[in-house]
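For reference, the structure is listed below as structure tokens.
The values are calculated or read from the model by the stated rules, or taken from the named source; none is laboratory data. These numbers were taken from a predicted model, which means no experiment stands behind them. Cβ atoms come from the backbone with ideal geometry, glycine included; neighbour counts cover every protein chain shown. Please note that ligands, DNA and RNA were not included when accessible areas were found on the heavy atoms of the full protein model with its side chains. Shrake-Rupley method; radii C 1.70, N 1.55, O 1.52, S 1.80 Å.
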Amino acid sequence: MSIDINMYSTNKQPTWCPGCGNFAIHVSLKKALMELNISPSQAFISFDIGCNGNGADTVNTYAFKGLHGRAIALATGAHIANRKYTVVADIGDGACFHEGIDHLINAIKSNYDMTILIHDNQNFALTTGQATVTTKQGKKMYALPEGKPERDIDINQLILSLQPTFFAKAYSGDPQQLTEIIKKGIEHKGCSVIQISQTCPTYNKECTPQWFNEHIIKLETLSQYNNSSLEDAQKLAKEMAQTGKIYTGIIHQHSNTPTFYDRLESRKDIQSELVDEVQEYDITQLLKYCN
Amino acid sequence: MYLNRIIVKFGGQSGQGINSVGTILTKSLNRAGYYTFSNREYPSLIKGGFANYQIDISNSSINSSSKKTNILCCMSKNSLNQYITDVLPNGVVIYDAQTLELEPQEQEYVKENNIKILNIDSKEVAKQNNAPAIMANAVLAGLVWKILKQKIEILTDEVEEMFKDKNIDMEAEKACLLAGYNTPLYVENLSQSIDTEKLKRTSEKKITMTGNDGVSLGALAGGMRAFFGYPMTPATSIFKFLGESANESKIVVKQAENEITAIQMAIGAMYMGTRAMTATSGGGFDLMSETISCSGISETPLVIVLAQRIGAGTGVPTWTGSGDITAAVKTAHGDFPRCVIQISDAKSAFTLTQKAFNIADKYQLPVIILTEKQIAEGLFSIDSLPPIEKIERGLQQGENRYQITESGISPRWIPSQDEKPYLHTSDEHNEDGHSTENAQEVYEMSKKRDKKMNLLKDEIAEPEYFGSPKAKTVLVGSGNTKNPILDIITNNLSSEDIAYLHYEYIYPTKTEKLTKLAQEGKRIILVENNQTGQLGKLITEESGYQFNEKLLKYDGRPFFIEDILNYLEGKSI
Ligand SMILES: Cc1ncc(C[n+]2csc(CCOP(=O)(O)OP(=O)(O)O)c2C)c(N)n1
Ligand code: SF4
Ligand SMILES: [Mg+2]
């Protein structure tokens, strides 16, 4: 079957503001799937609630647009049920770092084989611009005329502290690099976290494309960066926190942590998927486990 | 014989091994061919507090506990003081110490009722048999076995089987059982009133299982392949059963980071087309409510076990009740269809859990299975499990996932690389699954979902009527209320002819049978293990029928047989 990019789109038009980074993120996701030869019927996307998730109607794959903050948890269940599917959780910074931060932490810890795309526009956009943890301290936001009072959280350090098997940063203004990173994330066996700096001209006016261009450095320009070293990644994170620079590329990747499923004793040597196994079972042999 | 049963009660503190001695005796009695119902009461702490384990023994199937006891075996002074006046005339009190001091009124009670007292220092006996103090319980088990006049081989065989894969010194364990059984302290007249001969047993061995075992087995029989859990009494032992048997059942068992995750994982797995489940108690269930609403609007099948304990908030965590019926039926925002089923014992747990999956799949909605502490952790004895239900999924190909149909059920197919992909969404949507704010579309899709309730209501059974059609008094209840009432009916324990109407399907709520009985002029009594008569309120809401008479109990204890009998005789319970 030949795959083309239009197959991944429905007849619906996106409803985002002009200049919104969500356009490029979803196009990059579609392109990555296409280039990896993953057909619309072979992918499952778990959409969150937010401007980002409003793109769900325009994407033609198996998908579930569930609840605010829960895209990762729902994706996990889908992944466990059928590992033949490429599973992507598509989520905003508000949902991922606020309402559902526990899911991010546990997904990284458990190392489910799926890809998490974080649309980081540094605000709760759909609810019209409240501060998130990635909003800079002091910035005036919805209901905060004096500016956001609390400290920023260093998300890079937070994620790295969990020893992720794949952590990348990308930018919606560089869809080519983003597509490549999403491809690498999908190909990676384990939990791939991709934090995407996303333009939001409506509620994050300061961070214009020009601002991003001034702050972003592609990792590939560093001559000797070893992304398999967690220490190097942590040094990089420290530098980002001190300078305000954003490195894009795969910050850290390693493959010697098994995935959640591969560690399951009960599923050892079983070729079928849980979805193939729904049938009546004789439970006589299991009576010994009673009480 | 008192209530056609013999009752043995162990009392002591949490951490004294009461549970293990109770289970050993229960299983041995079932091995011997007796029916039993065993119930464990324990505090929500690890060491200390009150704990007891009661075994009711009979020659016919029983599923409830009585308040009184024939043999009381106490491992602590507290429990002796607590339960001694529950000992039946001519009964036996075993006190696990060298000496016994009774309060004056207790002495009086003992004398008046001809209660026999036996002191045994089981730890000392264990020591004499070169066994660790922890095996002192086996001495007590042996002694009680002797008083029950049972063959020692049955007890030792059962213990051997129970512990065969455990790291336990079987020789020492057996020595303790024998030492208790053959203790010189035993005298024939201890067994005088404990007339096991009258309880003619069948020769067949019974299967011993809890309600939670029944739920677990039902889920596995019905093709559940993933379980997502988070510990909360009294749901936790479902997690235990499924986890411990996973290497054999080959399912995935995952302890999620919290209840929200557990149910989200379940809904994700159900979307993909497997069968998955989660189980929790009230607090965890509240956390799950948003996802239940999401399941309703997105028409994603979902099965949740809500194992009830008594009280709001943290309540009384290890005690029983059925105060979450309203929560199961009404929780979560928006109008959406759902089904609520309530189990009452191990057998119904097995069957109804399978039915829950069929309903969830066919009607594409959340199904909540209600159980309660008394059923979840109570040990039932059964001859065999009911036959396995045929799996029904109602899968069907179609053009649009949310197609508006006459029945309200839209085509749903399992995601497959050969099929057309579709979007499930918690946004209101049109037929192809895209969000909509169009008034007509919002109205029509909501209406379509609601239609499923009519169909479901047609499919589910009316409440079941037990007892003679001529009975003038009909008790109405659900869940564990069935057990003491049916034990009364089948053993003819009530002087009055009574019948019982039992609700398994709580929602949608069928009321025809009940209103007909009321019209016939029967005396109708609502019996519920909660404060406000929650099932009754649903019935009233559905039919307009008002219950004039209600027997409600909400102190964390189940209905004992005596509660029901006393009520019927006009005494306070
Ligand atoms: C439980 C719950 N709480 C709050 C909301 C309201 N809500 C909808 S979107 C949103 C913020 C989304 O922010 P983010 O995840 O950053 O996505 P963005 O809109 O910025 O793309 C909130 C709070 C909700 N839908 N559900
Ligand atoms: S508010 Fe921001 S995130 Fe939302 S659509 Fe507009 S630009 Fe995009
Ligand atoms: Mg955002």
Practice task
Report ³J(HN,Hα) in whole Hz for each residue of segment B:343-357, in order, from the Karplus equation J = 6.51 cos²θ - 1.76 cosθ + 1.60 where θ = phi - 60°; Gly and Pro get x.
Solution key: 8, 10, 6, 5, 5, 5, 4, 4, 6, 5, 5, 5, 5, 4, 5
Problem - Largest-first ellipsoid semi-axes for segment B:395-460, taking √(5λ) over the Cα gyration tensor eigenvalues, angstrom - result: 20, 18, 8
Handout entry: Between segment B:272-297 and segment B:151-195, the alpha-carbon center distance in angstrom
Key = 45 Å
Handout entry: Projected area averaged over orientations for segment B:210-382, convex hull of C-alpha atoms, nm²
Key = 8.5 nm²
Practice task
Sequence neighbours fewer than 8 away in the same chain don't count; with that in mind, list the aspartates and glutamates whose C-alpha is under 12 Å from residue B:420.
Solution key: B:399, B:432
Handout entry: Estimated FRET transfer efficiency (residue B:495, residue B:189; beta-carbon r; R0 41 Å; 0.05)
Key = 0.80
Exercise for the section: Over all alpha-carbon pairs of segment A:89-166, lay out the pair-distance distribution in 5 Å bins, whole %, shortest bin first. Expected result: 3, 15, 24, 24, 15, 10, 6, 2, 0
Problem - Cβ charges +1 (Lys, Arg) and -1 (Asp, Glu), total dipole of chain B, debye - result: 900 debye
Handout entry: Top positive-direction residue, dipole computed over segment B:500-552 with Cβ charges, set B:511, B:548, B:532
Key = B:548
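Rounding to the nearest 20 debye, state how big the charge dipole of chain A is about its Cα centre with +1 on each Lys and Arg Cβ and -1 on each Asp and Glu Cβ.
Approximately 420 debye in magnitude.
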Completion exercise
A correct Karplus calculation of ³J(HN,Hα) over segment B:548-556, with 6.51 cos²θ - 1.76 cosθ + 1.60, θ = phi - 60°, whole Hz and x for Gly and Pro, returns 7, 10, 9, 10, 10, 10, 8, 10, x
Handout entry: Distance between segment A:123-143 and segment B:123-144 - C-alpha centres, whole angstrom
Key = 68 Å
Handout entry: Stokes-Einstein translational diffusion, segment B:6-205 - Kirkwood Rh over all Cα pairs, 1.306 mPa s, 10 °C, in µm²/s
Key = 94 µm²/s
Problem - Candidates per GluC sites (Glu not before Pro) in segment A:205-265, loop by DSSP, up to 11 other Cβ within 10 Å - result: A:206
Fill in the blank from the handout: One computes Rg over Rh for segment B:391-537 from alpha-carbon atoms, with the Kirkwood Rh, and obtains 1.17
Fill in the blank from the handout: Taking every DSSP bridge whose two residues both lie in the protein assembly as shown, the antiparallel percent to the nearest 5 is 30 percent
Problem - Label-zone membership for segment B:1-32, site residue B:90, 7 angstrom Cα→C-beta point, backbone N under 12 Å - result: B:1-2
Handout entry: Spherically averaged projected area of segment B:1-105 from its Cα convex hull (nm²)
Key = 7.1 nm²
Exercise for the section: Would you calculate, for chain A, the mean residue ellipticity at 222 nm contributed by helices, counting each DSSP H stretch of 4 or more residues as -39,500 (n - 2.57) and dividing by all residues, to the nearest 500? Expected result: -8000 deg cm²/dmol
Fill in the blank from the handout: segment B:483-523: spread of alpha-carbon positions along the three principal axes, whole Å, largest first, is 32, 24, 10
Handout entry: Loop-located trypsin sites (Lys or Arg not before Pro) in segment B:349-414 whose Cβ has at most 15 other Cβ within 10 Å (DSSP)
Key = B:390
Completion exercise
Rounded to one decimal in nm, the spacing of the 7 Å Cα→Cβ label points at residue A:224 and residue B:546 is 8.9 nm
Practice task
Could you tell me which of the pairs B:151/B:174; A:109/B:254; A:84/A:184; A:136/A:245; B:355/B:513 are separated by over 20 angstrom between their Cα atoms in the structure shown?
Solution key: B:355/B:513
Fill in the blank from the handout: Partner shielding of B:239-249, taken as the mean number of other chain Cβ atoms within 10 Å, equals 4
Fill in the blank from the handout: For segment A:143-191, inverting the pair-averaged 1/r of distinct alpha-carbon atoms gives a Kirkwood value in Å of 13.4 Å
Completion exercise
Once amide hydrogens are built 1.01 Å from N within the peptide plane, the residues lying 5 or more places from residue A:216 or on another chain with amide H under 5 Å from its amide H are A:246
Handout entry: Stretch gain in nm, segment residue B:383-residue B:516, where the contour uses 0.36 nm per residue and the Cα spacing is subtracted
Key = 44.4 nm
Exercise for the section: Enumerate the calculated ³J(HN,Hα) couplings along segment B:558-573 in order (Karplus 6.51 cos²θ - 1.76 cosθ + 1.60, θ = phi - 60°), each rounded to whole Hz, writing x wherever the residue is Gly or Pro. Expected result: x, 6, 8, 3, 4, 4, 5, 4, 4, 4, 5, 8, x, 8, 6, 8
Practice task
May I ask you to list the lysines whose Cα is less than 17 Å away from that of residue A:288, ignoring any residue fewer than eight positions away on the same chain?
Solution key: B:27, B:164, B:166, B:205, B:206, B:240, B:250, B:347
Practice task
Give the accessible area for residue B:357 in Å² (nearest 10); use a 1.4 Å probe, count only protein heavy atoms, and leave out ligands, DNA and RNA.
Solution key: 0 Å²
Problem - residue B:182 versus residue B:335: modelled label distance in nm, points set 7 Å from Cα along the beta carbon direction - result: 7.6 nm
Practice task
Sum up the charges of everything whose Cβ sits under 13 Å from the Cβ of residue A:255, counting Lys and Arg as +1 and Asp and Glu as -1, but leave residue A:255 out.
Solution key: -1
Fill in the blank from the handout: Across the alpha-carbon set of segment B:466-573, Rg over Rh with Rh taken as the Kirkwood radius works out to 0.93
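Which value results when the Cα radius of gyration for segment A:5-290 is divided by 2.2 N^0.38 Å?
Taking the Cα Rg and dividing by 2.2 N^0.38 Å, one obtains 1.03.
When the Kirkwood radius is taken over all Cα pairs of segment B:345-384, what Stokes-Einstein diffusion coefficient follows at 4 °C and 1.567 mPa s, in µm²/s?
D, rounded to a whole number, is 115 µm²/s.
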Completion exercise
Amide H contacts under 5 Å for residue A:171, restricted to residues at least 5 apart in sequence or on another chain and with H modeled in the peptide plane, are A:178, A:197
Handout entry: Protein-only accessible surface order, largest first, of B:207, B:62 at 1.4 Å
Key = B:207, B:62
Completion exercise
Quick calc: nm separation of the 7 Å Cα→Cβ label points for residue A:268 and residue A:232 -> 3.6 nm
Practice task
Order the following by accessible area, largest value first: B:295, B:193. Probe radius 1.4 Å; ligands, DNA and RNA are ignored.
Solution key: B:193, B:295
Exercise for the section: Could you point to the residue in A:132, B:476, A:191 farthest towards the positive end of the protein assembly as shown's charge dipole, with +1 and -1 charges on the Cβ of Lys/Arg and Asp/Glu respectively? Expected result: B:476
Practice task
With the Cα gyration tensor of segment A:70-214 in hand, convert its eigenvalues to equivalent ellipsoid semi-axes via √(5λ) and list them largest first in whole Å.
Solution key: 27, 17, 13
Exercise for the section: Can you give me the three principal axis dimensions of chain B from its C-alpha atoms, in Å, biggest first? Expected result: 84, 58, 42
Problem - Net dipole in debye of segment B:464-568 [+1 Lys, Arg Cβ; -1 Asp, Glu Cβ; about Cα centre; nearest 20] - result: 180 debye
Handout entry: Dipole axis of segment B:210-382 (+1 Lys, Arg; -1 Asp, Glu on Cβ), positive-most option in B:329, B:356, B:281
Key = B:356
Exercise for the section: State, in angstrom, two size descriptors of segment A:14-125 derived from its alpha carbons: Rg to one decimal place and Dmax to the nearest whole number. Expected result: 13.1, 38
Fill in the blank from the handout: For B:319, B:145, A:211, the accessible-area ranking with a 1.4 Å probe, largest leading, is A:211, B:319, B:145
Practice task
With a bin width of 10 angstrom, please list the P(r) values of the protein assembly as shown as percents of all Cα-Cα pairs, from the 0 bin to the one holding the largest distance.
Solution key: 2, 12, 20, 20, 17, 13, 9, 5, 2, 0
Handout entry: Separation between Cα centres of segment A:27-106 and segment B:400-423, rounded to whole Å
Key = 20 Å
Handout entry: Carbon and sulfur %, accessible surface of segment A:5-290 computed with the full protein complex present, 1.4 Å
Key = 50 percent
